[in-house]
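The values are calculated or read from the model by the stated rules, or taken from the named source; none is laboratory data. Keep in mind it's a predicted model, so treat the numbers as computed, not measured. Here the Cβ is made from the backbone with ideal geometry for all residues, glycine too, and neighbour counts use every protein chain on show.
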Amino acid sequence: MFGFPSLLLTVFIPLCLSPFAYLFGRLAERKAAGVFSHTALAIPLLLTLINFQTIYSGGEVRETFDWIPQLGLTFTLRLDQLSYPFLLLISLIGFLASVYSWRYMEHEHNIEAYYALLMLFVSGMIGVVLSTNLFLFYIFWELMLIPSYFLIAYWGTGNARIIGFKYFAMTHVGAVSLLAGIAWLNAIYGSVEYDVLSVAVKTFRPELTYIAVLIFIGAAVKMALFPLHTWLPDAHAEAPTPISVLLSGVMIKTGVYALARLLIGLMPSVFSTIAPGIFLISVVTMFWGGLMALVQTDIKRVLAYSSVSQVGYIVFGLSSLMSIGYSGALLHVFTHGLAKSLLFMTAGSIMHVTGERDLRRLGGLFSTMPITSMAFLVGGLSIAGTPPLAGFFSEWMIFKGGIDANQLAYTFLAILATALTAGYYLRTFMYAFQVGEPKRLSEAPTTMITTMMILVILISTIAIYVNPVLIIINSSIKA
């Protein structure tokens, strides 16, 4: 449409330019790597916004290139109504995380390598949501794992190397399960092209149930569904805060995308047979994550367990197989991604200013960090489903999907779990910002505050103008 391969550039600009961020940081100045990263990650965001009108009007963007014709493999990228909300979230939060890192990571070692790996991480996630070739999908799936491991292991806190290895091992096992499902599909149908498989799998075969389970396990590990969630609290809490933003706000959503694209989109009749079990898993995940968040004293671990709980809501909506539940789940991907990214940024700002993350040692920050306090409250209330913030609409639609699916008991439990969400966020707000003597501190640096304010404005704006997002999501259901 625009006379240039916008999707190819979206994927490969951060991928191919990442070595130059490292070289500029080494040869010129440390800060040059940050400037290079901000610029390179702004381009995918700009290209994604340029494609908005095409997607909004019901079209799609497809780019196909020769790859390995002897094996019947093409390098095909497609942006449609399902992948667009994910791509927009990835490109937006990727750019903001890079800008946030400018001051947060300024005193860290090997910062040029950090920015190069950050760009690779974002590129991997973009590739996952744009690939239609499942073999290429898997390559990008692994690409986002490898740089994120190094980002956790070498710039994390606590036992970062051990935590990074646990993260790598568990998510790689999930990736192998995903690969096994893809390879089995190829063995049966002789193709890993999504468009070919979408026609071929319409005829039910008993093996498809086992394939669906393998793919679900791969997605469930990435999403951190109970009981495959144990890597998440450690990795998200101990990663550098900008990487926690990407892990909780964006990366776990790629598991949701795999569930929506490869199971519900590719084999809906097979998914419907395993949906009752997934319903139960999603409700358990909600409560387990919520209860664990309620008893944490580390502010980042509160947010990490909250991510576990909120993924339960998303999977609950998808498992309802009702259009309103599906729409609510995909909307919650977007609203939760914005709000959780904001919350991790506020936690990072507190840590940057106070050097503390234990709620028992914080308190009284409201008077000295009013912008951070307000941002935390907006993010927490949105995730708790408080009207009129964006999270209210997505959660209401998810619950309506459960009712329409005649899952009344599970829906009642899911609604009860929202009380836990409100409880642990209000508890954290009280201990961090209200209780205790006021402290003589300053606000977080300007670049950190700016990224938080962008997310506050977006969360508030989507609450008013939610319809454009829903039009795109609803078009994906019709497709």
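Scan the stretch 7-17 and give yes if some residue there is over 14 Å from Met119 (Cα atoms) and not acidic (Asp, Glu), otherwise no. Yes: one or more hits. Does Val99 qualify as being closer than 21 Å to Leu46 by Cα, in contact (Cβ under 8 Å) with a residue 12 or more places away in the chain, surrounded by 24 or more Cβ atoms within 10 Å (Cβ to Cβ) and β-branched (Val, Ile, Thr)? For Val99, the condition - closer than 21 Å to Leu46 by Cα, in contact (Cβ under 8 Å) with a residue 12 or more places away in the chain, surrounded by 24 or more Cβ atoms within 10 Å (Cβ to Cβ) and β-branched (Val, Ile, Thr) - is not met.
For the stretch 210-238, a tally of residues being within 15 Å of Asn186 (Cα to Cα) and in contact (Cβ under 8 Å) with a residue 60 or more places away in the chain returns 1. Give me the pairs: first residue in the stretch 277-299 and more than 17 Å from Gly402 (Cβ to Cβ), second residue surrounded by fewer than 19 Cβ atoms within 10 Å (Cβ to Cβ) and small (Gly, Ala, Ser), beta-carbon distance under 7 Å, and six or more apart or on different chains, which are they? Between residues of the stretch 277-299 that are more than 17 Å from Gly402 (Cβ to Cβ) and residues that are surrounded by fewer than 19 Cβ atoms within 10 Å (Cβ to Cβ) and small (Gly, Ala, Ser), the close pairs are Leu294/Gly423. Taking the stretch 227-268 only, how many residues are in a loop (DSSP other than H, G, I, E, B), over 18 Å from His172 (Cβ atoms) and at pLDDT below 90? Count: 2. In the stretch 98-112, the residue that is nearest to the chain's Cα centre (by Cα) out of those that are under 18 Å from Thr39 (Cβ atoms) and assigned to a helix (DSSP H, G or I) is Ser98.
Assessment of the stretch 352-371 against the conditions (free of Cβ contacts under 8 Å to residues at least 40 places away in the same chain, out of contact with any strand residue (DSSP E or B) (no Cβ under 8 Å at 6 or more places or on another chain) and basic (Lys, Arg)) yields at least one matching residue. For the stretch 180-224, a tally of residues being more than 20 Å from Leu130 (Cα to Cα) and in a loop (DSSP other than H, G, I, E, B) returns 8.
Flag not set for Trp155, criterion: farther than 20 Å from Ala237 by Cβ and either touching a helix residue (DSSP H, G or I) at 6+ places or on another chain (Cβ under 6 Å) or touching a residue at least 60 places away in the same chain (Cβ under 8 Å) (or both).
Filtering the stretch 438-464 to residues that are at pLDDT below 90 and closer than 29 Å to Gly290 by Cα leaves Ala444, Ser460, Thr461, Ile462, Ala463, Ile464.
Beta carbons closer than 8 Å, at least 6 apart along the sequence or on distinct chains, pair a first residue in the stretch 194-206 that is closer than 17 Å to Ala260 by Cα with a second that is of a type in the set (S, T, N, Q) and modelled with pLDDT of 80 or more for Tyr194/Thr132; Tyr194/Asn133; Asp195/Thr132; Leu197/Ser191.
Taken over the stretch 283-301, the criterion of being crowded, with 21+ Cβ neighbours inside 10 Å and in contact with a Leu (Cβ under 7 Å, 6 or more places away or on another chain) is satisfied by Val283, Thr285, Gly290, Ile299.
Within the stretch 366-406, the only residue that satisfies the criterion of being more than 27 Å from the chain's Cα centre (by Cα) and crowded, with 23+ Cβ neighbours inside 10 Å is Met369.
Looking only at residues of the stretch 167-195 that are of a type in the set (A, V, I, L, M) and more than 28 Å from the chain's Cα centre (by Cα), we find that the one that is farthest from Leu136 (Cα to Cα) is Ile188.
When you scan the stretch 124-137, do you find a residue that is of a type in the set (Ser, Thr, Tyr) and assigned to a helix (DSSP H, G or I), even just one? Taking every residue of the stretch 124-137 in turn, none turns out to be of a type in the set (Ser, Thr, Tyr) and assigned to a helix (DSSP H, G or I).
Does any residue of the stretch 193-200 turn out to be polar (S, T, N, Q), over 30 Å from Gly289 (Cα atoms) and surrounded by fewer than 17 Cβ atoms within 10 Å (Cβ to Cβ)? Yes: one or more hits.
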